[in-house]
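J.: This structure is in C-alpha cells; I'll ask about it shortly.
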Amino acid sequence: MCHTFNASLNTTDLIDWLEIVINRTQGDHHSSYFPLSFIPAIRLNQSGERELVSLQWGLLPFWWKPNARQKSAKAFQRMTFNARSETIHEKPTYREAFKKRRCVIPASNFYEGGQLFRRTDAEFLCLAGLWEQWKSPDGEETIESCTIVTTEANSLVEIYHPKKRMPVILEDQDAITRWLSPDLVERESLENLMQPFPADRMSHERAPEK
C-alpha cells in the first residue's frame, strides 16, 4: 500500500509541465501527505481542460451511506486510500470512478518500509488515481475525494513492502493523457499503464527520523 508520500512542488513548474489550465489550489505544495489529508490532484473538468484541485485522500463513492460498520465517511475512507489495479474495473467502490473519474496525483517521492522512493529520470512522480464526488442527502455537504491506484511492486520496492505493492506511476506525457482520457473506459485500453515502474529508473534512501 501507498500510505505516505511527499510533495515538494513548485506550482508554476507543475502547471507548465502537466499543461494545467485551471489552478483551484493556493500556493506551492510542500508537505507530507497521509490518508484523509487533502492532496493535490489533476483531473479534467467538464470542458475537458486539466485543472489542479485538492482532494481528500480516501475515496468516498457517490452512493455511500452510513451503516453499522461505517457510521462515518472517514471510517469508510480509511479503507479506500489505495485501489488495487487488478480489480478497480469490477469493485463497486471503484468501477464507476475508473471509467469516468480518473486523476493524476503529483509527488516528489513515496514512502515504504522506512525508505523514500523516487524517479531518477524525472523531477515528479505522477501517480495514477481515481476521484469521486459525494453529496449528503440534504445537499449541504460535498466531499471530493480520491484514491491512489497500486500494482505489483518492482524488484526495488518489493524488498521493503511486505505485500509487494507500489503505486502506479505514469511514465510520460502520453501515459498521463491516456489515463485522463474520457474516451478510454475499458480496462484493456489502460492495462499497459498499470504495470510496475522499472526498478532501474528509481532510487531510494532511508527516510529521515521524525
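The values are calculated or read from the model by the stated rules, or taken from the named source; none is laboratory data. Treat the numbers as computed from the prediction; the structure is a model and nothing was measured. Neighbour counts run over all protein chains shown; Cβ positions are idealised from the backbone, glycine included. Keep in mind that these areas ignore ligands, DNA and RNA; they rest on the heavy atoms of the full protein, side chains included. Shrake-Rupley method; radii C 1.70, N 1.55, O 1.52, S 1.80 Å.
J.: Quick check on this structure: which one of GLU112, GLU132, GLU123 is more than 17 Å from PHE34 (Cβ to Cβ), touching a residue at least 40 places away in the same chain (Cβ under 8 Å) and in contact with a helix residue (DSSP H, G or I) (Cβ under 7 Å, 6 or more places away or on another chain)?
T.: Working: GLU112 fails: more than 17 Å from PHE34 (Cβ to Cβ); GLU123 fails: in contact with a helix residue (DSSP H, G or I) (Cβ under 7 Å, 6 or more places away or on another chain).
Residue meeting the stated conditions: GLU132.
J.: Being in contact with a His (Cβ under 8 Å, 6 or more places away or on another chain), within 19 Å of ARG201 (Cβ to Cβ) and not charged (D, E, K, R), is that true of even one residue in segment 86-107?
T.: yes
J.: Let me ask something additional. Just checking, does segment 145-156 include any residue being assigned to a loop (DSSP other than H, G, I, E, B), without any contact (Cβ under 8 Å) to a residue 12 or more places away in the chain and not basic (Lys, Arg)? Let's see the steps before the verdict.
T.: Here is the first cut: in segment 145-156, the residues assigned to a loop (DSSP other than H, G, I, E, B) are 153-156.
The next check asks that each one be without any contact (Cβ under 8 Å) to a residue 12 or more places away in the chain; those that pass are none.
Within segment 145-156, none of the residues are assigned to a loop (DSSP other than H, G, I, E, B), without any contact (Cβ under 8 Å) to a residue 12 or more places away in the chain and not basic (Lys, Arg).
J.: With the condition being open to solvent by less than 30 Å² (accessible area, probe 1.4 Å), closer than 21 Å to THR11 by Cα and of a type in the set (A, V, I, L, M, F, W, C), I'd like the strands (runs of 3 or more DSSP E) fully within segment 38-139 carrying at least 2 qualifying residues.
T.: Values: elements: 38-44, 50-57, 82-84, 102-107, 109-112, 115-119, 125-135.
By residue number, 38-44, 50-57, 102-107, 125-135.
J.: Pairs under 9 Å by beta carbon, first residue free of Cβ contacts under 8 Å to residues at least 60 places away in the same chain in segment 187-210, partner part of a strand (DSSP E or B) and open to solvent by 90 Å² or more (accessible area, probe 1.4 Å), six or more apart or different chains?
T.: Pairs that qualify, where the first residue is free of Cβ contacts under 8 Å to residues at least 60 places away in the same chain and the partner is part of a strand (DSSP E or B) and open to solvent by 90 Å² or more (accessible area, probe 1.4 Å), are GLN195/GLU152; PRO196/GLU152.
J.: Let me ask something additional. If I go through segment 1-37 residue by residue, how many of them are in a loop (DSSP other than H, G, I, E, B), of a type in the set (S, T, N, Q) and under 21 Å from THR151 (Cα atoms)? Spell out how you get there, then give the answer.
T.: Of all residues in segment 1-37, those in a loop (DSSP other than H, G, I, E, B) come to 1-4, 10, 19-21, 24-28, 34-37.
Adding the requirement that they be of a type in the set (S, T, N, Q) leaves 4, 10, 25-26, 37.
Add one more test, that the residue is under 21 Å from THR151 (Cα atoms), and what stays is 4.
Qualifying residue count, segment 1-37: 1.
J.: Return the total of residues in segment 166-210 being part of a strand (DSSP E or B) and within 17 Å of ILE42 (Cβ to Cβ).
T.: Let us first name the residues in segment 166-210 that are part of a strand (DSSP E or B), namely 166-167, 169, 202-206.
Cutting the leftovers down to within 17 Å of ILE42 (Cβ to Cβ) gives us 167, 169.
Adding up the residues that qualify gives 2.
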